[in-house]
Amino acid sequence: MMLQESGVLAGSVKYFHTPSGMAKKLLYYVTRCGHYHCSTEYHFSYRSEIGRLPSHNDTFLIFYILSGSMSVAIGNAEHTIIHAGQLALMDCRDIHEYYATAPMEFVWVHFDGANSRALYEQIIKNYGHLFTPADVFQIDRQLLSIVSACADERSLSEIQQSQAIYTALTSLLTPIGHQIPNTLIQKALDFMHENLANDLSVQTAAQAVGLSSSHFSRLFRRETGYAPHEYIVLQRINRAKMLLCTTNLTIKEIAFRTGYNSEANFIHAFSARVGCSPGVFRKNID
């Protein structure tokens, strides 16, 4: 369905959930959630009409970037750009604003209940609002399962939804699940995302931040949880998904726009990671 929010593209979904009395007393619970595909026109502010709704501004929000990038400002902090594989956690009662800095896809969940505030405050005290999770696949899995559960209330009970929220939050308390990486790694991430269409390698990324390939690889894995080559491949696949979803470019054109030197190499890499060819992926987009 097409949502009436600027920059939110067709294929995006938003769901609402009304918690039971038991959930409000004992569990973590979802109030709304969604899975968005966005253009660079997407812009959200706590001052907006939606931002002022009680269902939004009386909850906590966690969102995870699947592809693309977003600029986020929470409280009095300056805007910081986060990329695919990173997330933000905020109290919607605070000042907050975020907007797409590139075509992007992200999943988001508004939640409350149980000891949400105490857990939230401990996470923020330890690491701040912006993260590169230690286990990105677990965050991805938990948040997507919550959105799927809201689409079909029969798929997860409220107790299972509560467990998914708790698992996602507590994973942020692990030592590696800390704030956005140090300046060198942030610079490397920016370089990688700006050069996905070019002849990008671990060596060129390392040279961009003045490190040897071996030192860079160790530091990058420690800070992000990814090997640099794996990160480059995944971001190319994520960008390809976005282009397949939002443009009419041919498979060959998308291959060259995501850094592959041939259509065949792109199809092989995409199929190996996604489980289907780019053409099949495009045909099955909702």
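Within 10 Å of each candidate Cβ there may be at most 10 other Cβ atoms; applying that plus a DSSP loop requirement, which trypsin sites (Lys or Arg not before Pro) in segment 16-53 survive?
The qualifying sites are Arg47.
Show me 140-148, 98-106 ranked by packing, highest mean number of other Cβ atoms within 10 Å first.
98-106, 140-148
Could you state how much accessible area Asp94 has, in square angstrom rounded to the nearest 10, with a 1.4 Å probe and all protein chains kept in place?
60 Å²
I want the local charge near Arg117. Using Cβ-Cβ distances under 13 Å, sum +1 for each Lys or Arg and -1 for each Asp or Glu among the other residues.
Computed value for this residue: -3.
Of the listed values [x] 57, 41, 33; [y] 58, 45, 34; [z] 85, 37, 37, grab the one calculated as Cα extents along the principal axes in Å from the structure here.
This structure yields the entry labelled [x].
Length gain on complete extension for the stretch His215 to Val274, per 0.36 nm per residue less the alpha carbon to alpha carbon distance?
So the chain would gain 18.2 nm between His215 and Val274.
Keeping all protein chains in the complex and leaving out DNA, RNA and ligands, what accessible area do you get for Phe16 with a 1.4 Å probe, in Å² to the nearest 10?
My reading of the accessible area for Phe16 is about 120 Å².
So, counting K/R as plus one and D/E as minus one, what does the shell of residues with Cβ under 13 Å around Val202 add up to?
Around Val202, the charge tally is 0.
Compare the peptides 189-202, 73-86 by average per-residue count of other Cβ atoms within 10 angstrom and give them in order, highest first.
Ranked from most to least packed, the peptides come out as 73-86, 189-202.
What does the charge count around Leu211 come to, taking other residues whose C-beta lies under 14 Å from its C-beta (Lys +1, Arg +1, Asp -1, Glu -1)?
+3
Rounded to the nearest 500, what is the 222 nm mean residue ellipticity of the chain from helices alone, with -39500 (n - 2.57) per DSSP H run of 4+ residues and division by all residues?
The per-residue figure over the chain is -13000 deg cm²/dmol.
Taking every Cα atom in segment 189-286, find the radius of gyration and the maximum pairwise distance Dmax, and write them in Å.
14.3, 44
Sequence neighbours fewer than 8 away in the same chain don't count; with that in mind, list the lysines whose C-alpha is under 28 Å from Lys252.
Leaving aside lysines fewer than 8 places away in the same chain, those within reach of Lys252 are Lys241, Lys283.
Got a sec? What order do Ile65, Ile50 fall in by accessible area at 1.4 Å, biggest, i.e. largest, first?
Ile50, Ile65
Under 1.5 on a/c is rounded, so check that first for segment 1-142, then, if it is not, pick prolate when a/b is larger than b/c and oblate when it is not; a ≥ b ≥ c are the square roots of the alpha carbon gyration tensor eigenvalues.
Rounded shape, in that the Cα axes give a/c under 1.5.
The values are calculated or read from the model by the stated rules, or taken from the named source; none is laboratory data. No experiment lies behind these values; they were computed from the predicted model shown. Note that each Cβ is placed from the backbone with ideal geometry, even for glycine, and that neighbours are counted across all protein chains shown. Heads up: the accessible areas ignore ligands, DNA and RNA and are worked out on the full protein's heavy atoms, side chains in. Shrake-Rupley method; radii C 1.70, N 1.55, O 1.52, S 1.80 Å.
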